[in-house]
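Let me begin by presenting the structure, written as structure tokens, before commenting on it.
Values quoted throughout were computed directly from the atomic coordinates according to the rules given, and no laboratory measurement underlies them. No experiment lies behind these values; they were computed from the predicted model shown. No Cβ is skipped: glycine too gets one built from the backbone with ideal geometry, and neighbour counts run over all protein chains shown.
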Amino acid sequence: MKLYNLGKIPWHETQTIYHALARSGREALSLVSPETPYVCIGFHQDAEQEVDMEFCRDRGIPVFRREVGGGAVYLDGDQLFFQLILKRKNPIVPRSKEAFYKKFLQPVINTYRHIGIQAEYKPVNDVVAGNRKISGTGAAEIGDCIVFVGNLIVDFNYDMMSRVLRVPDEKFRDKVHKTLRENLSTIRRELGPEEASKWDESTLNKIMADEFARVVGPMEPAAKDRVLQEKMDSLEEEMNNDPWLYQTRRKGAGGREVKISAGAQVLQRVHKARGGLIRADLVVKEGKFQKVYFSGDFFCFPEKGVEWLERSLQGREVWAAGSVVERWYEEKGIETPGIQVDDWMKILKV
């Protein structure tokens, strides 16, 4: 397996490198961080609903949609990214996603413990120090590979994170800021500024590479070759644009863009499940779903499964939603860690 320990690179390359490796079928561990800040949203999120796009444009902060689920986050050079790419058929890959997270989060936990932070695993996919999260992680199936991404959080800009999110008012933004500080920690916060300064990026990445090697086997240091760079450049053209960011091909399902005929209901529902937030925009007429659109910071494997569920529900009677969701899991082999049929029903009952 290749080890791309590249350190600081252009912000967009921190996203295109693991997408390129996965789509090329290359198993690797990538260790990178962005030279400049940006906002990254999850695959299933609605950019305009989650992010203050006007603020980001005014401040010159790029916004990027990744092909991995989860939530919107402000990223900068104080977050060191690990990106593990494995073939889905690799025998070291556990069958269930929860077992996958538990196995491959252990190197991250061990890295934190190595520097004196007593990190622990918290289902479904969190690493915590005490009662505060200290690593953001996620996984996705891309091409023939499964990608596991996350970060070591050296420091965090709580102010900017709370500012780039779209919120209803400033009072709510203050609440977001307070909640972030209460629930998200960093190396600097846990160790103190003086002790944290002893652990620079190259040292932390070396520890992390060694810990991952204990799980995946020996790794060979590598640099970006021409083929990989060309694939990354191609993906930047494909993904760093408005059609990909705003997912206009799916907008027709959104409640705010549907023309409603007489007798139709427009419903917007939100439910916080153990595995993440689910939003639903629904149009219901004469007891049937006319339009269905899901978004949120959850994880679904495969990612296209959400669109399959939307299509399966359209035109179906509301009372049949439970059986549709059950068949979706059974026939498509869907996995949604931390989200069960009952969670979907909380937003589909009319």
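Data table
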| quantity | calculated |
| --- | --- |
| By average C-beta atoms within 10 angstrom, highest first, the peptides 127-138, 313-324 | 127-138, 313-324 |
| Length-normalised contact order of the chain in % [C-alpha pairs under 8 Å, at least 6 apart] | 18 |
| Relative contact order, percent, segment 151-201 [alpha-carbon distance under 8 Å, six or more residues apart] | 43 |
| Two-decimal ratio, segment 18-88, of alpha-carbon radius of gyration to 2.2 N^0.38 Å | 1.22 |
| Centre separation in Å (Cα based) which lies between segment 171-224 and segment 13-81 | 17 |
| Whole-Å distance, taken between Cα centres, linking segment 313-344 and segment 103-158 | 29 |
| Assigned charges on the beta-carbon of Lys, Arg, Asp, Glu; segment 146-234 dipole about Cα centre (debye) | 360 |
| Computed [θ] at 222 nm, helices only, for the chain once each DSSP H run of length n ≥ 4 contributes -39500 (n - 2.57) | -10500 deg cm²/dmol |
| Listed residues Val167, Pro193, Tyr293: farthest to the positive end of the dipole of the chain (Cβ charges) | Tyr293 |
| ³J(HN,Hα) computed for each position of segment 268-284 - Karplus, 6.51 cos²θ - 1.76 cosθ + 1.60, integer Hz, glycine/proline x | 10, 10, 9, 9, 9, 8, 4, x, x, 8, 10, 10, 9, 10, 10, 10, 10 |
| For the chain, size of Cβ-based charge dipole, Lys and Arg +1, Asp and Glu -1, in debye | 940 |
| Translational D in µm²/s for segment 43-148 (Stokes-Einstein at 37 °C, 0.692 mPa s, Kirkwood Rh from C-alpha pairs) | 210 |
| Amide H partners (placed H, <5 Å) of Asp297, local residues excluded | Leu277 |
| Residues whose placed amide H lies under 5 Å from that of Val51, excluding near-sequence neighbours | Arg166 |
| 5 Å-binned pair-distance histogram of segment 249-348 (Cα, whole percent) | 3, 13, 25, 27, 19, 9, 3, 1 |
| The chain: proportion of alpha-carbon pairs further apart than 36 angstrom, % | 21 |
| Long-range amide H partners of Glu35 with built H, under 5 Å | Ile9, Trp11 |
